[in-house]
Amino acid sequence: MSTIESHLTQLRLHGMARSWKSLTESHRQGQLSLADGLELMLQSEADDRENRRYIRLQKNARFRYQASLEEITADPTRGIDNQLLATLGQGQYLKKGQSVLITGATGCGKSFLATALGQQACTLGYKVTYYNLQKLLIKTKMARIEGTSFKFFENLSKTDLLIIDDFGLAHLSQQQCLDLMEIIEDRHARRSTIIASQLPVSGWYDIFAEATIADAILDRLIHTSYRIELKGESLRNKL
């Protein structure tokens, strides 16, 4: 390892170190001016840091699937609009703290689409957390028992995008309603939330034990959100 490469590695400038190694191995370092060589190495460092940040964001999100928007075919007959996908892919809804509600029958691709949007958010540099609703509510219950609920809710409130999957599979107790209300209230108009559910939005009201909490949660979710209603037969039948 050359002295320059060694120093770059010690300084944790890994992208620049790899770029310098490549330049020396190809004998190009003598063909570039100082400014051109430095610009090339700095760009390599920037790309390396962006890539490592994406990998870190993706790992911390704990996605259930691997998915990308490029794998999703726009099909109006299935409720997938190309313009809407492009709009969501640009991430403007994340800057505005808007939500996305994805509904449809079992196997129609709700979780895949939610994950693809989450992966795209990671690509754009946003922090994402993915939860199955029941596991999220178990987490909130355990946090209360352990006395760490404030920290848990605070961390959730700071997550740029929270994905809640399998929403509406079971009725919620009063405490679960309160926990969900706190999560949604903390995020309202500040951070984005994606909810995927087998139930149509019109049926969400019935899963809450407390009518006033149902009104409060749905009011915050529905009126300023993007809606995607997936249609058609289960994609699993085609496998």
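The values are calculated or read from the model by the stated rules, or taken from the named source; none is laboratory data. This structure is a prediction, so every number in the text was calculated from the model and none was measured. Note: ideal-geometry Cβ built from the backbone for every residue, glycine included; neighbour counts use all protein chains shown. Side chains are part of the model used for accessible areas, which takes the heavy atoms of the whole protein and leaves out ligands, DNA and RNA. Shrake-Rupley method; radii C 1.70, N 1.55, O 1.52, S 1.80 Å.
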Q) Taking only the alpha-carbon atoms of the stretch 23-116, what semi-axes of the equivalent ellipsoid follow from 5 times the gyration tensor eigenvalues under a square root, in whole Å, largest first? A) 40, 15, 14
Q: Find the Cα radius of gyration of the stretch 26-80, compare it with 2.2 N^0.38 Å by division, and give the number to two decimals.
A: 1.95
Q) Given the rule -39500 (n - 2.57) for each run of at least 4 DSSP H residues, summed and divided by the residues of the chain, what is its mean residue ellipticity at 222 nm, to the nearest 500 deg cm²/dmol? A) -16500 deg cm²/dmol
Q: Enter the accessible area per residue of the stretch 49-123 (Å², integer; probe 1.4 Å; all protein chains in place).
A: 51 Å²
Q: Treating the angle as unsigned and between 0 and 90°, give the value, to the nearest 10°, between the Cα long axis of helix 110-123 and the longest Cα principal axis of the chain.
A: 30 degrees
Q) How big is the Rg/Rh ratio for the stretch 105-179, C-alpha atoms only, Rh by Kirkwood, two decimals? A) 1.01
Q.
I'd like the projected area of the stretch 83-125, averaged over all directions, using the convex hull of its alpha carbons. Report it in nm² with one decimal.
A. 3.1 nm²
Q | On Cα atoms only, tilt of 34-61 relative to the major axis of the chain in degrees | A | 30 degrees
Q | For the stretch 146-202, average projected area of the Cα convex hull in nm² | A | 4.6 nm²
Q | On Cα atoms only, tilt of 133-146 relative to the major axis of the chain in degrees | A | 90 degrees
Q) Can you pull the percent of the chain's accessible area that's carbon plus sulfur, 1.4 Å probe, other chains left in place? A) 52 percent
Q: Can you grab the distance from the C-alpha centre of the stretch 23-68 to the C-alpha centre of the stretch 1-18, Å, no decimals?
A: 13 Å
Q) Using the Karplus equation 6.51 cos²θ - 1.76 cosθ + 1.60 (θ = phi - 60°), what ³J(HN,Hα) coupling, rounded to whole Hz, does each residue of the stretch 97-106 give in order, writing x for Gly and Pro? A) x, 8, 9, 10, 10, 10, 10, x, 5, 4
Q. In the neighborhood of residue 101, defined by Cβ-to-Cβ distances under 11 Å, what is the net charge if each Lys or Arg adds +1 and each Asp or Glu adds -1?
A. +1
**Q.** Summed side-chain charge close to residue 150 - residues other than residue 150 whose Cβ falls under 14 Å, Lys, Arg +1, Asp, Glu -1
**A.** -1
Q: Work through the residues other than residue 11 whose Cβ is under 12 Å from its Cβ and net out their charges, Lys, Arg +1 and Asp, Glu -1.
A: -1
Q. How big is the Kirkwood radius of the stretch 151-239, worked out from every pair of different alpha carbons and given in Å to one decimal?
A. 14.2 Å
Q: On each of the three principal axes of the Cα atoms of the chain, give max minus min coordinate, whole Å, ordered largest first.
A: 72, 48, 32
Q. For the peptides 32-42, 116-126, what is the packing order when you average, over each peptide's residues, the other Cβ atoms within 10 Å and list the highest mean first?
A. 116-126, 32-42
Q) Using modelled amide H (1.01 Å from N, peptide plane; none on Pro or chain starts), what sits under 5 Å from the amide H of residue 226, excluding residues fewer than 5 places away? A) 99, 100, 101
